[in-house]
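What follows is a set of notes on a single structure, which appears directly below.
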Amino acid sequence: MFDNYYIESHKEELFKNGFIRFESPIDLDKIKEMGFFTPIKSGVIYVDYTISITGSGFLAQIQDVTEHKKANESLKKSQIQLKEIVGSITDGFFSLDKHWCFIYINSRAANNIGQKPENLIGKNLWDEFTRIIGTEHELAYRKAMENREFQQFEISGVLTNRCYDISVYPSAEGISVYWKDITERKKAEEELNEIRDNLELKVQERTAELKYQAEMLSQVNDAIIVIDNNYKVTYWNQGAENLYGFKSDEMVGKPLSYSHSYEWLTPDGEEEAYHLLETKGYWRGENIHIKNNGEKIYVEVLTTMLKDDKGNPEGMLAIIRDITARKQAEESLKIAISNVKKHATELEIIIGSIADGVVIQNKNGDIIQINDVAKRYYESLELDSKGNIKERVEKYTWFYSDGTPVTAENVPIARALRGKAVKDADLYLESLSGVKWITASAIPLYDENGKLFGGVLTFNDVTERKKAEEHIRKYTEDISNERQRLYGMLETLPVMICLLTEDHHVKFANRTFRERFGEAHGRHCYEYLFGFNEPCHWCQAYQVLETGKPHSWELETHDGFVIDVYNMPFTDVDGSPLILEMEIDVTEQKLNERKLQKVLIDLKRSNEELEQFAYVSSHDLQEPLRTIASFTQLLERRYKGKFDSDANEFMDYIVEAAVRMKEQIEGLLEYSRVGTKGEDFLPVNLNEILNQTTKTLYTSIEESNAKINVDKLPTVTGDASQLQRIFQNLISNAIKFRKQEEPLKINICANRDIYNDEYVFSIEDNGIGIEEQYSERIFTIFQRLHTREEYKGTGIGLSIVKRIIERHGGRVWVESEFGKGSVFYFTLPS
């Protein structure tokens, strides 16, 4: 069977729908030449094939329609039938000859202009309707007549106060004009547009519920595409994948032109579309899309401008339906109507090619004509033989869009058979498989005498469109709610926070930000903050969109304020990239830092001068002090015993004071050299330093019978000789201030403080301890807690320890209980 070229070419449709119907020519002379069999006739015949799949194979019905195509016997009857049907179409239609005279006009068109059809046949258009001269009517009609070009336009308020979609087709005899009343559709579109103005339709996966909704959208047969202001795709559903052949992950982030280009049906179509988008926020129309493989398709497009909360455009949503088949059907219908007197039998083919279901019934409810689409709908809509929806309450109930149940007598075709027209009735049912929607229209049919003889029912399934609209509404509502929760949280924060878009607009500014800079009103950030006409060359905020990492920087404004700026990449609830900017006014802090820096510089200079003074003073004092001590000791050796006892005692005081003063000057000199004469910092193993220290103090340790316990010590960076001096002074103090009645124990350990990135050292002893009120005083130079007769020393050792530790970036303190011992702590950077 599939050897036949025409059957083979329809094989895919056959297996998809279960049946096919088509017509093809057969050249009998070629069959005779090939020797298959010898036909009785010769020439070309036309055969009508109807093939369906049955349980056991295929059922093929083949009919010779050659004579049927050529027959003229029933032409008059067919013309009358065609005239009745065309006259009953809900849209207005009329034909003009080349002299602008009416050759046909249906009842709807005549009623629209307040005339009767029979009064206009043969009359001149321009004589009868002078009001349309100079309007878009005249321009379109003359273009179609003179240039033989199809024209389409919308107009209102010229002949009536309603709005019409006018299509003008050139024909062999003149032109044919269709008037489609779109007043109600326009009102509905305007209402829908008002609802959609506040919706943001960038579909992204955000939450589990939103993912589910996005998945539902992806199943819609129509292509649903969302683009941003740069015409880059942000959403691409399954319908778009099927229509253009690109997967979602191939298109998201790419320009829309990557998948197809446009070809407008009229020269000013593109300009008109963008004008409507700018003024009304939406455009609905038809154009041609050229896929990247070169294939051209006709599409019906509903494009809606997306706006943010401030009313600024942030992209567009397009719902696209492939109407190539419908266009081809319309072209067939146009040709058929232009040759209405010669090809009346083509009416059945035309009706069969319409994408909507069409049923023509007589006044008794008997079906006169029905297309294949309607036949398939019968099963889902449960129509009876008269085309009425069956009342099966146990299974479902039909409702109007406002929720009112539809009674049997109010079914659209039933009303038409009573002489009442029904236009675009939205109906839905609640079946076991879910809610289903249709849009149905029905009109009564009258003969030439005005007698009702039947009706026409047209309907199409809009369930998927309704689902898409509902999911879009719910999704957009969820996005809006989530965004408001985010904004509400940011609004309460005490720091300045704003959200910036990729194109430098301020999408949101919290209360603290507005109090500082005023209202943003969706302006550019550089205009809003600084009054500039272009982005700031020194701005660092947009680095985060390139790196994807947070960034902080400092901004000094022209009026002297200093602001710490923190920028972080941020994703909006609808998936679009934003910059979260947090600003903290640190002007006062910076002023204080500068003042402090100046004080520190002055203090450093003062310290350096004091250190130099101490060094010079102690160094220069050593020589005269050495002379006093030497000569006093010389006097003591030569003349001791030659003076009275008072003189000898005085001489002892002088020698003792000179020695003590020499020790203090040497201590002061050592103290001053800590900051000026130290070595460079290098890695130092403190275990080795402690070993050297215990060797140096070996005699003292042995004499005091001290036991020193040492944990493993770390390696730090510092001046080795000064670090050794820390341990030497602290261990020496522990030995000096030990208890005589019990053995001395010294514990040395170190712990890592990860939080502060430093080591904490402790040297613990069981000595005499320190009273709490003296815990700070002991680190002051020349401060002593005991007399020299009790404990020898200059009172400078702990001062040197503190100075060394501070030079290394650490700190020192003591915790002690009098009579129970002390623990000296100090820190060094790790």
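The values are calculated or read from the model by the stated rules, or taken from the named source; none is laboratory data. Remember, predicted model here, so these are calculated numbers, not experimental data. Cβ placement follows ideal geometry from the backbone for every residue including glycine, while neighbour counts extend to all protein chains displayed. Side chains included, ligands, DNA and RNA excluded: accessible areas come from the protein's heavy atoms. Shrake-Rupley method; radii C 1.70, N 1.55, O 1.52, S 1.80 Å.
What number, in nm² with one decimal, is the all-direction average of the projected area of the convex hull of the alpha-carbon atoms of segment 224-338? One quarter of the hull surface, i.e. the mean projection, equals 8.2 nm². Taking amide H as placed 1.01 Å from N in the peptide plane, the amide H of Arg523 sits under 5 Å from that of Val506, each at least 5 places away or on another chain.
Heavy-atom accessible surface of segment 212-329, averaged per residue, reaches 49 Å², computed with a 1.4 Å probe. Each label point was placed 7 Å from the Cα along the Cα-to-Cβ direction; for Thr266 and Ser24 their separation is 4.1 nm. Computed over protein heavy atoms with a 1.4 Å probe, the accessible surface of segment 128-173 works out to 52 Å² per residue.
In this structure, Asn119 and Asn229 have a Cβ-Cβ separation that, at R0 = 60 Å, corresponds to a calculated FRET efficiency of about 0.60. Calculated FRET efficiency, Lys695 to Lys662, Cβ-Cβ distance, R0 = 30 Å: about 0.65 to the nearest 0.05.
Projected label points at Asp249 and Ser552, each 7 Å from Cα along the beta carbon direction, are separated by 3.8 nanometres. Label reach from Leu139 (point 7 Å along Cα→C-beta): in segment 268-308, amide nitrogens under 18 Å belong to 268-276. Of the chymotrypsin sites (Phe, Trp or Tyr not before Pro) found in segment 717-762, those that fall in a DSSP loop while having at most 14 other beta-carbon atoms within 10 Å are Tyr755.
Between Lys820 and Asp366, the contour length at 0.36 nm per residue exceeds the Cα-Cα span by 151.7 nm. Our estimate of slack between Thr717 and Arg148, defined as 0.36 nm per intervening residue step minus the Cα-Cα distance, is 195.4 nm.
Summarising the label geometry, the points placed 7 Å from Cα in the beta-carbon direction at Glu527 and Leu634 lie 9.5 nm from one another. For Leu265, nonlocal amide neighbours, meaning residues 5 or more places apart or on other chains whose placed amide H falls under 5 Å from its own, are Ile288.
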